[in-house]
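First the structure, in the form of structure tokens, and then the observations on it.
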Amino acid sequence: MAKLIINSYEEFASHLGEKLGESDWLQVDQERINMYADATLDHQWIHVDVERAKEESPYHSTIAHGYLTLSLLPYLWQQIVEVRNIKMLVNYGMDKMRFGQPVITGSRVRMITKLHNIQNLRGICKVEVDFKIEIENQRKPALEGISTFLYYFN
């Protein structure tokens, strides 16, 4: 699916209730998990100790941090929508966020989005996007919720 190009509030609003698109698949490997653990100081064994996880984890593998999966949202979102003619973009909030299942190391994930709501707040475009981060070949998503962005158009 081609990236959706948005040039104005009106163009964005025309997609209300529609699927906006889906990202490419991204592999979540042990190197990415280890870098995230180092950046966040979260070195829980279920994420970083490959040998222990093989023996003691119910998944028989390390898994990605839930917040690592969440942190991929901006990268995956940029693959789906490009908003032009803006001064600034602000991540405003998250609602109804739920972790459905862990991302086993080596799995691939992608994001699917739908425009949930859009408002013009005195020139600031408030966009609420339903998102779902899917795991390849899994029925249940890794993560889903509503992400809110503020776009300041020129």
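The values are calculated or read from the model by the stated rules, or taken from the named source; none is laboratory data. Treat the numbers as computed from the prediction; the structure is a model and nothing was measured. Virtual Cβ from ideal backbone geometry, glycine too; neighbours counted across all protein chains shown. To get the accessible areas, we keep the full protein, side chains included, count just its heavy atoms, and leave off ligands, DNA and RNA. Shrake-Rupley method; radii C 1.70, N 1.55, O 1.52, S 1.80 Å.
Some observations on this one:
Quick grid of which residues meet (1) touching an Asp or Glu at 6+ places or on another chain (Cβ under 8 Å); (2) closer than 14 Å to Gly145 by Cα:
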| site | (1), (2) |
| --- | --- |
| Ile63 | no, no |
| Gly66 | no, yes |
| Leu70 | no, yes |
| Val81 | no, no |
| Lys132 | yes, yes |
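- Of everything listed in (1) more than 22 Å from the chain's Cα centre (by Cα); (2) hydroxyl-bearing (Ser, Thr, Tyr); (3) under 21 Å from Leu115 (Cα atoms), the single unmet condition for Tyr75 is (1).
- Inspection of region 143-151 finds no residue satisfying the criterion of being assigned to a loop (DSSP other than H, G, I, E, B) and either closer than 24 Å to Val28 by Cβ or touching a residue at least 12 places away in the same chain (Cβ under 8 Å) (or both).
- Candidate set from region 35-87 (those that are assigned to a loop (DSSP other than H, G, I, E, B) and open to solvent by less than 50 Å² (accessible area, probe 1.4 Å)); member that is nearest to Gly123 (Cα to Cα): Leu72
- Total residues in region 103-133, condition surrounded by 19 or more Cβ atoms within 10 Å (Cβ to Cβ), over 14 Å from the mean Cα position of the chain (by Cα) and either assigned to a loop (DSSP other than H, G, I, E, B) or at pLDDT below 95 (or both): 2
- Checking each residue in region 9-33 for being exposed (fewer than 15 other Cβ atoms within 10 Å of the Cβ) and either hydroxyl-bearing (Ser, Thr, Tyr) or in a helix (DSSP H, G or I) (or both) picks out Glu10, Glu11, Ser14, Glu31.
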